[in-house]
2 protein chains.
Amino acid sequence: MSTFVALDTVDVRFPTSRTLDGSDAMNPDPDYSAAYVRLRTDAADGLEGHGFVFTIGRGNDVQVKAIEALAPYVVGAGVEDVLDDLGEFWRRLVHDSQLRWLGPEKGVMHMAVGAVVNALWDLRAKRAGRPLWQLLASLEPRAIVDLVDFRYLSDALTPADALEILEKAEPGRAQREAELLRSGYPGYTTTPGWLGYDDAKLERLCREAVEAGFRQIKLKVGADRDEDVRRLTIARRVVGDDIAIAVDANQRWEVDEAVTWMEALRPFDVAWIEEPTSPDDVLGHAAIARRVKPIRVATGEHVANRVVFKQFLQADALQVMQIDAARVAGVNENVANLLLAAKFGVPVCPHAGGVGLCEVVQHLSMFDFVAVSGSLDSRVIEYVDHLHEHFVTPVDVRDGVYRAPTAPGAGSEMLAESLETYRQGRHG
Amino acid sequence: MSTFVALDTVDVRFPTSRTLDGSDAMNPDPDYSAAYVRLRTDAADGLEGHGFVFTIGRGNDVQVKAIEALAPYVVGAGVEDVLDDLGEFWRRLVHDSQLRWLGPEKGVMHMAVGAVVNALWDLRAKRAGRPLWQLLASLEPRAIVDLVDFRYLSDALTPADALEILEKAEPGRAQREAELLRSGYPGYTTTPGWLGYDDAKLERLCREAVEAGFRQIKLKVGADRDEDVRRLTIARRVVGDDIAIAVDANQRWEVDEAVTWMEALRPFDVAWIEEPTSPDDVLGHAAIARRVKPIRVATGEHVANRVVFKQFLQADALQVMQIDAARVAGVNENVANLLLAAKFGVPVCPHAGGVGLCEVVQHLSMFDFVAVSGSLDSRVIEYVDHLHEHFVTPVDVRDGVYRAPTAPGAGSEMLAESLETYRQGRHG
């Protein structure tokens, strides 16, 4: 039996705004950052759990402070007690009777829970000597159901529904796991699409994306309609007709504006329109989805929790569900999100990029394929070629495909040197 | 011309959990707290702007930190520049391209904006020598429209709609202002209804509420159905048939559970059911509202922003809209909320209680009556007899009625002595 002895935090910031990497219609100058947490125990194995909230700069210190507010739950607790029942521990964190007021279940405090929960999963996977996706996919269906808090979901998804989904997928697990290890999971790339790039760079990056084996790219849109048409013309010309092109408005539009704007982009055979409007606006997305058919609506990177995702599905307001590894309250809530998507028959194509989001979210998609949806159909994981070099086990994306990670853990551990170099205050 | 020279914060906590004041089905042991902000200028008048976020204890330090993250926007800025265009300043705070990621527009960061914005309004009202409600109600309709950010609202409320509502109310302003000064605004009391009280105390407080002139009381429900029936039986017996009784489940239920539970409470002629389920669940509330008719559904104290309120109204998911002074991004967003309610013809009955919420929110209801809805019909402001003694201008509630405040400011200033006594770390 061992005990958690420390919850350490680091305010890590990369000065990405200098190069306009990551610029879009709503986020012109992000400094990709992480409110980072490391859980230490007194066990002889020396293993640690690492997790983070991704932010884009200012306010990362607020996010760090929120993570620190959870230390009393962790420090001094028995490691095995916590790790053996992460469903129960999740409920204790999320439903803390006083902290809950600060959301509830949204924003800074909810993301802080996510960082701690993900760090616990990282530790659990390291202790098991397995990558997180394999650990999750090895759990009994009932154990997976126990990870989920069904509060506020029961009108759409009950524990019995979840169990049925998981049991149906069980017979094919071994075969799909082997398939993943052999062939990986398809990715798509957003690297060419940032608004800050000039035409030559756009063209070059589009060409390189196809040469690298990606079957889908994504372009940022929404700042200027004529510019979008122009950039889509270039992109479609360069990638040809066989490569899918998704577009992403980063919440820029009103409902009517989204519909009109997408009429202008319709000739380019757009795979999906992402974040057309406020991520809180379920009914707005539903109206947009009805009016831009057959173009699919995608959203999720800013969807605060499973209750909002539930409504997006109930209202047919999204046709592509984009879970994020660090927006909701960690692995447990994303298991709920995957089960909701499976119940409604909607594909999950995670948001990634930022700092370490690719590293973490690949585990959720691979778990989904092995043990939940059982399908790769219409499913791709976002890939952005940023900042992977700072991670202990960076993603391995080759020929447009995420290779299944085999190292123990959740992928969330940054290099000690990177943490030190980019710790707030240490860089210029 | 003067300049903001400081943004000071205080972490204020009252140890209310010791007496079970404020206990309900979801919040068993709140320590009513305020993440408090004070804005100082170099003007000779010595006036300050005070504002706060209400929390219930743990995490108040996180909320304080979030307020401090906004200091760069305020300190060094020209006071007149900021106060003369609070619509523009609101947009700058809310849409900060990096801080926005921490919500967007929800939770800790959004409430921090609310505290700062409310402090600015407090200062503006003090400078004008008027209570906030009168200051707001003296603005030209176009100036009120300029306070509102219509982003994500235009499918339900346009600037033209807002102007029409405000212009329609303009001719009656003087008469309604006089009526308020003469007769006040009706309140209702939640003082009897907390779950922690025994029967004798419940009975005594119900009797005292009627004797004090209140025409409505509210009881907390949702922890135990038989207990709720028993307590409602006592309450109805004591207050008689002419006093309205609302009930409040504080988000305790699933959708079906809410409907079944309310069937059991239907015989008590319930005025409204408040927060039956997750405050994020627009579609869930809509389903509940359809099924418990003619009982009205009320919610709002945890509704994160105007975009969510918009959907509640579009879906007929609430019939009573409960704005909160410290949940959304301050006065400006609540002006948007009042305009949305007026557009949909739904009465606004603010959430209050906590620390200082009564003091602040009365200004919004009175502004609504004078300049927006023009109506007192079905409208009441919540009143709880807690902690008013800590404010410089405490509410004056007599004969069940909020007397219109006449002191300059927004009501949000706490006594220096209280700030010092209950500053975190100073009490036992």
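The values are calculated or read from the model by the stated rules, or taken from the named source; none is laboratory data. Nothing here was measured: the structure is a model prediction, and the numbers come from that model. FYI the Cβ positions are ideal-geometry reconstructions off the backbone, even for glycines, and counts take in every protein chain you see.
Does residue A:151 satisfy the condition of being free of Cβ contacts under 8 Å to residues at least 60 places away in the same chain, under 30 Å from residue A:249 (Cα atoms) and either out of contact with any Pro (no Cβ under 9 Å at 6 or more places or on another chain) or surrounded by fewer than 21 Cβ atoms within 10 Å (Cβ to Cβ) (or both)? Break it down stepwise before answering.
On the way: free of Cβ contacts under 8 Å to residues at least 60 places away in the same chain: yes; under 30 Å from residue A:249 (Cα atoms): no; either out of contact with any Pro (no Cβ under 9 Å at 6 or more places or on another chain) or surrounded by fewer than 21 Cβ atoms within 10 Å (Cβ to Cβ) (or both): yes.
Here the answer is no, as residue A:151 does not meet what is asked.
In the range B:9-23, the count of residues that are under 26 Å from residue B:247 (Cβ atoms), over 21 Å from the mean Cα position of the chain (by Cα) and hydrophobic (A, V, I, L, M, F, W, C) is one or more.
Only residues that are of a type outside the set (Val, Ile, Thr) and under 24 Å from residue B:236 (Cα atoms) were counted in the range B:263-290, giving 13.
Figure legend. Inter-residue proximity from the range A:241-259: first residues over 19 Å from residue A:349 (Cβ atoms) and within 14 Å of chain B (Cβ to nearest Cβ), second residues part of a helix (DSSP H, G or I) and of a type outside the set (Asp, Glu), beta-carbon distance below 7 Å, spacing 6+ or different chains. Indicated pairs: A:253/A:261; A:255/A:284; A:255/A:287; A:255/A:288; A:258/A:288; A:259/A:288; A:259/A:291; A:259/A:292. Given the conditions (1) buried (at least 18 other Cβ atoms within 10 Å of the Cβ); (2) at pLDDT 95 or above, which single one is not true for residue B:191? Residue B:191 satisfies all of (1) buried (at least 18 other Cβ atoms within 10 Å of the Cβ); (2) at pLDDT 95 or above except (2). The single condition from (1) more than 30 Å from residue A:56 (Cα to Cα); (2) at the interface with another protein chain (Cβ under 9 Å from one of its Cβ atoms) that residue B:57 fails is (1).
Among the residues of the range B:262-279, those that are of a type outside the set (Ser, Thr, Tyr) and within 14 Å of chain A (Cβ to nearest Cβ) comprise B:275, B:276, B:279. Here residue A:417 fulfils each of the conditions (1) crowded, with 20+ Cβ neighbours inside 10 Å; (2) in a helix (DSSP H, G or I) apart from (1).
To keep it simple, each residue is scored yes or no on (1) among the polar types (S, T, N, Q); (2) closer than 22 Å to residue B:403 by Cα; (3) without any contact (Cβ under 8 Å) to a residue 12 or more places away in the chain.
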site: B:170; (1), (2), (3): no, no, no
site: B:174; (1), (2), (3): no, yes, yes
site: B:193; (1), (2), (3): no, no, no
site: B:196; (1), (2), (3): no, no, no
site: B:218; (1), (2), (3): no, yes, no
site: B:221; (1), (2), (3): no, no, no
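Applying the criterion of at least 1 residues that are in contact with a strand residue (DSSP E or B) (Cβ under 8 Å, 6 or more places away or on another chain) and under 30 Å from residue B:305 (Cβ atoms) to the helices (runs of 4 or more DSSP H) found wholly in the range A:97-194 leaves A:107-128. All conditions in (1) touching a helix residue (DSSP H, G or I) at 6+ places or on another chain (Cβ under 9 Å); (2) surrounded by fewer than 21 Cβ atoms within 10 Å (Cβ to Cβ); (3) assigned to a helix (DSSP H, G or I) hold for residue A:316, with the sole exception of (3).
Which one of these is within 11 Å of chain A (Cβ to nearest Cβ), crowded, with 24+ Cβ neighbours inside 10 Å and more than 30 Å from residue B:228 (Cα to Cα): B:37, B:64, B:12? Give the derivation first.
Numbers: B:37 fails: within 11 Å of chain A (Cβ to nearest Cβ); B:12 fails: within 11 Å of chain A (Cβ to nearest Cβ).
Unique residue meeting the criteria: B:64.
Just one of the listed residues (B:328, B:361, B:370) is under 16 Å from the mean Cα position of the chain (by Cα) and not in a loop (DSSP other than H, G, I, E, B), and it is B:361. Apart from one condition, residue A:96 fits all of (1) under 25 Å from residue A:44 (Cα atoms); (2) among the acidic types (Asp, Glu); (3) facing chain B (nearest Cβ under 8 Å); the exception is (1). Condition check for residue A:55 on (1) touching a residue at least 60 places away in the same chain (Cβ under 8 Å); (2) touching a strand residue (DSSP E or B) at 6+ places or on another chain (Cβ under 8 Å): one failure, at (1).
Just checking, which of B:49, B:129 is crowded, with 22+ Cβ neighbours inside 10 Å and either in contact (Cβ under 8 Å) with a residue 12 or more places away in the chain or assigned by TED's automatic domain parsing to the domain that holds residue B:339 (or both)?
B:49
Can you find even one residue in the range B:341-357 that is in a strand (DSSP E or B), of a type outside the set (Ser, Thr, Tyr), under 28 Å from residue B:85 (Cα atoms) and not assigned by TED's automatic domain parsing to the domain that holds residue B:93? Yes, that holds for at least one residue.
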